[in-house]
Amino acid sequence: MQNDESAIPQSDPFALFEVWFAEAKESEPNDPNAMALATASDDGFPSVRMVLLKGYGSDGFVFYTNAESRKGEQIRANRRAALLFHWKSLRRQIRLEGPLDEVTEAEADAYFHSRPRVSQIGSAASDQSRPLPDRQVYLDRVAAVEARYPDGDIPRPPYWTGFRLSPRRIEFWRDRQYRLHDRRLFSRDDASDPWTNTLLYP
């Protein structure tokens, strides 16, 4: 039987996230920054999809999207969301829950223009989540955007932006044999409050 020496430490959760994330970047074969984003409509219908973490710190965890997509509409209607990292190679998970705030225009511009030019073009040409009659329609729009801006960066569409989740709950989960897992929950009522933490039964 395992003892408490393997338990998740009672450290600052952001510092612990950074340690785990660094280890994931060393071990995960693809997209260690991939995370499931769960949102819900204003009447409570949930939806979940994979997105990529593009920034993090003590102020929260950032991802980018088309704000006119389904997820964007749900975020506008209900500013609470949840994130889940699952690193199978490490047999670890991190769950986060909290409110969302939109990033500044300067942040959105900086990230949009850090992307490969083709990715900028693809985003500008896409009506994300809306019906597409034929893939060629999208490819024609991609070509039209490329022709309109033959050189340099593509202007960031006004509907393309980012959101920052400021966590109120962060749970670290570590796999153990026979499902005797380690779980530690950090929680706070407001971003300015200190964290409290407790172990959870698996």
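So, of the residues in region 22-33 that are surrounded by 14 or more Cβ atoms within 10 Å (Cβ to Cβ) and in contact (Cβ under 8 Å) with a residue 40 or more places away in the chain, which turns out to be farthest from E171 (Cα to Cα)? Give the steps one after another, and end with the answer.
Just the residues of region 22-33 that are surrounded by 14 or more Cβ atoms within 10 Å (Cβ to Cβ), to begin with: 23-24, 28, 32-33.
Checking which are in contact (Cβ under 8 Å) with a residue 40 or more places away in the chain leaves us with 23-24, 28, 32.
Working: E23: 17, A24: 17, E28: 20, P32: 18 Å.
So, considering only residues that are surrounded by 14 or more Cβ atoms within 10 Å (Cβ to Cβ) and in contact (Cβ under 8 Å) with a residue 40 or more places away in the chain, the one farthest from E171 (Cα to Cα) is E28.
So P150 clears everything in (1) open to solvent by 70 Å² or more (accessible area, probe 1.4 Å); (2) assigned to a helix (DSSP H, G or I) except one condition, right? Which one? Condition not satisfied by P150: (2).
Hey, any hits in region 40-63 for a residue that's among the aromatic types (F, W, Y), more than 27 Å from D182 (Cα to Cα) and in contact (Cβ under 8 Å) with a residue 24 or more places away in the chain? Don't jump to the end; show me each part of the working.
Of region 40-63, the ones among the aromatic types (F, W, Y) are 45, 56, 61, 63.
Then keep just the ones that are more than 27 Å from D182 (Cα to Cα); that gives 45, 63.
Of the ones still in play, those that are also in contact (Cβ under 8 Å) with a residue 24 or more places away in the chain are 63.
Taking every residue of region 40-63 in turn, at least one turns out to be among the aromatic types (F, W, Y), more than 27 Å from D182 (Cα to Cα) and in contact (Cβ under 8 Å) with a residue 24 or more places away in the chain.
In region 41-79, the residue that is most open to solvent (accessible area, probe 1.4 Å) out of those that are more than 21 Å from E107 (Cβ to Cβ), touching a strand residue (DSSP E or B) at 6+ places or on another chain (Cβ under 8 Å) and not in a helix (DSSP H, G or I) is M50.
Within region 90-101, restricting attention to residues that are open to solvent by less than 30 Å² (accessible area, probe 1.4 Å) and not aliphatic (A, V, I, L, M), the residue that is nearest to D193 (Cα to Cα) is G98.
Which of the residues spanning region 133-147 are open to solvent by 90 Å² or more (accessible area, probe 1.4 Å) and touching a helix residue (DSSP H, G or I) at 6+ places or on another chain (Cβ under 6 Å)? Give the steps one after another, and end with the answer.
Step one: list which residues in region 133-147 are open to solvent by 90 Å² or more (accessible area, probe 1.4 Å), which gives 133, 135-136, 141, 146.
Those that are open to solvent by 90 Å² or more (accessible area, probe 1.4 Å) and touching a helix residue (DSSP H, G or I) at 6+ places or on another chain (Cβ under 6 Å): R141, E146.
The selection criterion, being open to solvent by 50 Å² or more (accessible area, probe 1.4 Å), out of contact with any strand residue (DSSP E or B) (no Cβ under 8 Å at 6 or more places or on another chain), at pLDDT below 95 and over 25 Å from D127 (Cβ atoms), does not hold for S11. Which members of region 168-195 meet the condition of being of a type in the set (S, T, Y) and out of contact with any strand residue (DSSP E or B) (no Cβ under 6 Å at 6 or more places or on another chain)? Within region 168-195, Y178, S192 meet the criteria.
Identify, please: which residue in region 80-89 is more than 25 Å from A191 (Cα to Cα) and either out of contact with any Asp or Glu (no Cβ under 6 Å at 6 or more places or on another chain) or among the aromatic types (F, W, Y) (or both) and is, among those, surrounded by the fewest Cβ atoms within 10 Å (Cβ to Cβ)? First the steps, then the outcome.
Step one: list which residues in region 80-89 are more than 25 Å from A191 (Cα to Cα), which gives 87-89.
Now narrow it down to the ones that are either out of contact with any Asp or Glu (no Cβ under 6 Å at 6 or more places or on another chain) or among the aromatic types (F, W, Y) (or both): 87-88.
Working: W87: 18, K88: 12.
Only one residue fits best here, namely K88.
Condition first: open to solvent by 20 Å² or more (accessible area, probe 1.4 Å), under 26 Å from T65 (Cβ atoms) and not in a strand (DSSP E or B). Now tell me which residues in region 158-187 satisfy that. If the condition is that a residue be open to solvent by 20 Å² or more (accessible area, probe 1.4 Å), under 26 Å from T65 (Cβ atoms) and not in a strand (DSSP E or B), then P158, Y159, R168 are the ones that fit.
The values are calculated or read from the model by the stated rules, or taken from the named source; none is laboratory data. Everything numeric here is computed off the predicted structure, so don't read it as measured data. In this analysis, Cβ positions are derived from the backbone assuming ideal geometry, glycine residues included, and neighbour counts consider all displayed protein chains. The accessibility values were calculated without ligands, DNA or RNA, using every heavy atom of the protein model including side chains. Shrake-Rupley method; radii C 1.70, N 1.55, O 1.52, S 1.80 Å.
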